[in-house]
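Let me begin by presenting the structure, written as structure tokens, before commenting on it.
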Amino acid sequence: MKAIKKAVIPVAGLGTRFLPATKAIPKEMLTIVDRPTIQYIVEEAVASGIEEIIFITSTGKSAIENHFDYDFQLDTVLKDKKKVQLREELANISNLIDIIAVRQKEPLGLGHAILMARNVVGDEPFMVLLGDDLVKSQVPCCKQMIDMYNQLGESIVAIQRVDMDQTHQYGIVEGTETDHRRTFKVNRMVEKPAPGTCQSNMAIIGRYLLMPDIFELLAKTTPGHGGEIQLTDALLALANRRDMYAYEFEGKRFDAGDKLGYLKAIVDFALEHQTLGPPFREYLESACKDVIAP
Ligand code: UTP
């Protein structure tokens, strides 16, 4: 069984749900407490043993690559000013991991974005982490999936349970329980099912562990829901060809590409922050008294 060493992080989307904030700034660069969203995601991949990251980028997203690059000018200024700690912090970010960027010339959908990584990933299984999906957990979500892959040896999609009236916002999996904890064998998958057309509430979130066959299937996938090349359509084709599993990860997921999801993420991450957490909690408690329940 081939080890999982590469992670693809697509960040080429337009971020229309977060306009006007995302007109000139990539949504992945919006800050959650003290770091951009994308840094949490790269850190999750690194903490899971990933050795190489492939960003799928587009025009206007260079800030993401720059964030992980070494900035000679800035480093020189910080060195002259003897800002030792800050220098170290920035060095840690640029030394995190090897990063490769591949362009998606047009935003033709998530499936199309992943297909752009074909030549760089090659013939090995790999992770996909969406650039705006944050998971807060004790064991990184990506690592939980890799651990499960080491037992199953097949593709795995991460899922969470959602309310039945929310299923139309997600790719939904129908599956049967397996002997492995929190793991289901995928029988059917449908992208954003119309209300009442699907019995399952197992929603796919932004973490996928994929066998390389997915590339061949993505290349054959025609535009689906919303006129985009949908990853879910290729996943369904892959599930028809070989076993695929859905894994109910342990942790809490935030859609940071959505305004409300982003706010929730800030509150949760701020409350857990080592130094900012306690004073923020105190502030929230008094704000709740004054504003929410005066
Ligand atoms: P989303 O649908 O959440 O991203 O795609 P979006 O299209 O940027 O956002 P909205 O809906 O307009 O607000 C999930 C992930 O896939 C990437 C996005 O960058 C995001 O990380 N993506 C999506 C691409 O890289 N290329 C695409 O063509 C579409």
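Out of all the residues in the stretch 140-154, which are outside any helix (DSSP H, G or I) and under 25 Å from Lys27 (Cα atoms)? Can you show your working first?
Step one: of the stretch 140-154, the residues outside any helix (DSSP H, G or I) are 140, 153-154.
Result: Pro140, single match.
Quick grid of which residues meet (1) part of a strand (DSSP E or B); (2) at positive phi:
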residue: Lys185; (1), (2): yes, no
residue: Met189; (1), (2): yes, no
residue: Gly196; (1), (2): no, yes
residue: Ile204; (1), (2): yes, no
residue: Leu218; (1), (2): no, no
residue: Ala234; (1), (2): no, no
residue: Tyr245; (1), (2): yes, no
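Taken over the stretch 116-133, the residue count meeting the criterion of being in contact with an Asp or Glu (Cβ under 8 Å, 6 or more places away or on another chain) and modelled with pLDDT of 95 or more is 2.
Considering the stretch 216-252, the residues that are in contact (Cβ under 8 Å) with a residue 24 or more places away in the chain, of a type in the set (Asp, Glu) and more than 12 Å from the ligand (Cβ to nearest atom) include one that is nearest to Gly153 (Cα to Cα), namely Asp243.
Among the residues of the stretch 122-134, write down those that are aliphatic (A, V, I, L, M) and open to solvent by 20 Å² or more (accessible area, probe 1.4 Å). Quick ask: steps written out before the conclusion?
Let us first name the residues in the stretch 122-134 that are aliphatic (A, V, I, L, M), namely 127-130, 134.
Scanning the stretch 122-134 gives a single hit, Leu130.
Just to be sure before I move on: is Gly109 away from the ligand (no atom under 12 Å from the Cβ) and at positive phi in the structure I sent? Spelling it out, it is not the case that Gly109 is away from the ligand (no atom under 12 Å from the Cβ) and at positive phi. Against the list (1) touching a Leu at 6+ places or on another chain (Cβ under 6 Å); (2) closer than 20 Å to Leu231 by Cα; (3) among the hydroxyl-bearing types (Ser, Thr, Tyr), the condition Tyr40 fails is (2).
When Leu235 is tested against (1) open to solvent by 20 Å² or more (accessible area, probe 1.4 Å); (2) touching a strand residue (DSSP E or B) at 6+ places or on another chain (Cβ under 9 Å), only condition (1) is not met. Answer yes if at least one residue in the stretch 4-11 is among the basic types (Lys, Arg) and over 21 Å from Pro212 (Cα atoms), and no otherwise. Taking every residue of the stretch 4-11 in turn, none turns out to be among the basic types (Lys, Arg) and over 21 Å from Pro212 (Cα atoms).
Within the stretch 215-231, identify whether any single residue is in contact with a Lys or Arg (Cβ under 7 Å, 6 or more places away or on another chain) and either closer than 26 Å to Ala256 by Cα or of a type in the set (S, T, N, Q) (or both), and answer yes or no. Within the stretch 215-231, one or more residues are in contact with a Lys or Arg (Cβ under 7 Å, 6 or more places away or on another chain) and either closer than 26 Å to Ala256 by Cα or of a type in the set (S, T, N, Q) (or both). If you go through the stretch 155-183 and keep only what is surrounded by fewer than 20 Cβ atoms within 10 Å (Cβ to Cβ), at negative phi and not in a helix (DSSP H, G or I), you end up with Gln160, Arg161, Val162, Asp163, Glu174, Thr176, Glu177, Thr178, Asp179, His180, Arg181, Thr183. Of all residues in the stretch 4-32, exactly one satisfies the criterion of being more than 8 Å from the ligand (Cβ to nearest atom), farther than 23 Å from Ala270 by Cβ, small (Gly, Ala, Ser) and open to solvent by less than 60 Å² (accessible area, probe 1.4 Å), namely Ala7. Tell me, yes or no, whether the stretch 261-272 has at least one residue that is outside any helix (DSSP H, G or I), of a type outside the set (Lys, Arg) and on the phi < 0 side of the Ramachandran plot. No, the conditions are met nowhere in the stretch 261-272. Filtering the stretch 13-45 to residues that are closer than 24 Å to Phe215 by Cα and at pLDDT below 95 leaves Gly13, Leu14. Is one or more of the residues making up the stretch 36-47 under 21 Å from Glu89 (Cα atoms), in a loop (DSSP other than H, G, I, E, B) and away from the ligand (no atom under 14 Å from the Cβ)? No: the stretch 36-47 contains no residue that is under 21 Å from Glu89 (Cα atoms), in a loop (DSSP other than H, G, I, E, B) and away from the ligand (no atom under 14 Å from the Cβ).
Entry remark, the stretch 242-284: residues being under 27 Å from Thr22 (Cα atoms) and hydroxyl-bearing (Ser, Thr, Tyr) number 1 in total. For the stretch 33-76, taking the residues that are β-branched (Val, Ile, Thr) and surrounded by fewer than 21 Cβ atoms within 10 Å (Cβ to Cβ), the one that is nearest to the chain's Cα centre (by Cα) is identified as Val46.
The values are calculated or read from the model by the stated rules, or taken from the named source; none is laboratory data. Computed from a predicted model, the values in this text were never measured in an experiment. We place every Cβ from the backbone using ideal geometry, glycine too, and count neighbours over all the protein chains shown. With ligands, DNA and RNA removed, areas are computed over all heavy atoms of the protein, side chains included. Shrake-Rupley method; radii C 1.70, N 1.55, O 1.52, S 1.80 Å.
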